[in-house]
Structure formats: structure tokens, C-alpha cells
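Below: the structure, in C-alpha cells.
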Amino acid sequence: SGKILEVVTTYKYLGVDINTTHDGGEQWERVSSLIRPNIALLRQLKRSGLIESILVTVFKSLVLSHLRYSSVILYTCTDYLKQEMQVIQNKLLRAIGITRELAKSKYSIDTVSDFLRDSCFSLVTRILKTPGHPLLSRVQPSRKSHYACPYSISLANTEKFNCSSFMATSTSTRYHI
């Protein structure tokens with residue numbers, strides 16, 4: 001309507017903080033403020049006598065749901081922040097009374113880094129398999145049939161783009177779309 005848009009360095013859109021530096025630091029601060037109180041909650045629920053499987057369900061619903069929703073942004077966080085995320089997850093698992101190894105083997109709970117990567121891959125896969133998705137209009141179908149990803153993706157000349165969740169998942173040899 002002819003109005004000039006205000007230029008901002010951070011914008012919250014659908015509960016996700018997007019900033020001009022394209023890192024996930026601000027989003028991690030938001031997510032950590034939501035999941036840290038769950039350490040005390042899980043300890044209290046354990047003292048109340050809830051069994052391990054119910055505590056794990058509480059953990060998945062109150063913690064992993066926030067990480068999954070923000071995974072595309074959190075995946076771009078620095079290794080330092082990902083280590084901080086892992087420390088918090090370890091505290092949450094200890095509050096339940098299980099080790100990281102038991103969480104992985106018995107409940108399929110990955111490390112934070114693997115969880116973010118797999119969540120991003122799942123999202124990208126869903127987008128690529130959705131006919132008519134608006135993001136698909138931005139990429140061209142590949143003529144090379146041996147690609148794991150059926151789309152050609154232009155590489156930007158920035159380290160941030162080339163390390164983004166989309167590039168990491170679309171060029172991975174571990175997954176096939």
C-alpha cells in the first residue's frame with residue numbers, strides 16, 4: 001500500500017527468530033528458555049513415582065517438539081551452542097534417570113546434533129516430495145538421474161549457505177530422496 005518497510009535486524013515469524021546474521025543464537029535463547037524449566041519438572045515427576053517411559057514421553061513432547069520446530073534455524077548454530085544444547089539434553093536425561101546411550105538404544109533419542117540434522121532432512125524431503133510446493137519453483141529439475149537429489153541447487157558464494165541445513169541434507173550421500 002505504498003508504505004516504506006522498517007528495516008530491522010531481528011524479526012519473529014511464527015515463533016522463530018530470524019536475524020540478519022542468519023545464525024540460530026537468538027532462536028536458541030528462546031528455545032532454551034522454554035526447555036530449561038523442564039529439568040525441574042522431570043525431577044519432580046520422577047519423585048512423584050512416574051515410570052521411565054512416561055517421563056520419556058514428557059521429555060519428547062516438551063523438549064524435542066521445540067527443537068524439531070526450530071531445527072532449520074538451530075541447525076545453523078555454532079558448534080559451541082550445539083554443545084550447550086547437548087549439555088541441557090544430558091541434564092534432562094539424567095533427570096529422567098537414563099543415560100544418553102540408553103536413550104538412544106531404548107527410546108531412539110539421538111544426540112542434539114543428529115536430531116537437528118535428521119529433522120532438517122525430514123523437512124527438506126517432505127518439501128521435495130510435495131508437488132507444487134512454492135520452494136520447488138526456486139530450484140530446477142536436474143537432468144542427471146544419478147543425483148540423490150532430483151534438483152539442481154545453485155551454490156551461493158557464502159560459507160553460511162553452503163553449510164545450511166538445505167545444502168547439507170540435499171547433497172548428503174547418507175540419505176536418498
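Put simply, when 108-117, 8-17 are sorted by average Cβ atoms within 10 angstrom per residue, most first, you get 108-117, 8-17. When the surface is traced with a 1.4 Å probe over the full set of protein chains, TYR107 keeps roughly 30 Å² accessible. In terms of Cα atoms, the Rg and Dmax of segment 89-143 work out to 17.2, 52 Å. Pairs from the list LYS106/LYS129; LYS60/LYS106; LYS46/LYS91; LYS60/LYS91; LYS12/LYS91 with a Cα-Cα gap above 21 Å: LYS106/LYS129; LYS12/LYS91. The HN-Hα couplings worked out from phi for segment 72-82 by the Karplus form 6.51 cos²θ - 1.76 cosθ + 1.60 (θ = phi - 60°) are 5, 7, 5, 4, 8, 5, 5, 4, 4, 5, 5 Hz, whole numbers, x standing for Gly and Pro. GLU26 sits with roughly 80 Å² accessible to a 1.4 Å probe, with DNA, RNA and ligands left out of the calculation. Using only Cα coordinates, the Kirkwood hydrodynamic radius of segment 1-124 works out to 15.6 Å.
The values are calculated or read from the model by the stated rules, or taken from the named source; none is laboratory data. It should be emphasised that the depicted structure is a prediction, and the values quoted were computed from it without experimental measurement. Glycine gets a Cβ as well: all are built from the backbone with ideal geometry, and neighbour counts include every protein chain shown. The area values use the complete protein model at the heavy-atom level, side chains included, leaving out ligands, DNA and RNA. Shrake-Rupley method; radii C 1.70, N 1.55, O 1.52, S 1.80 Å.
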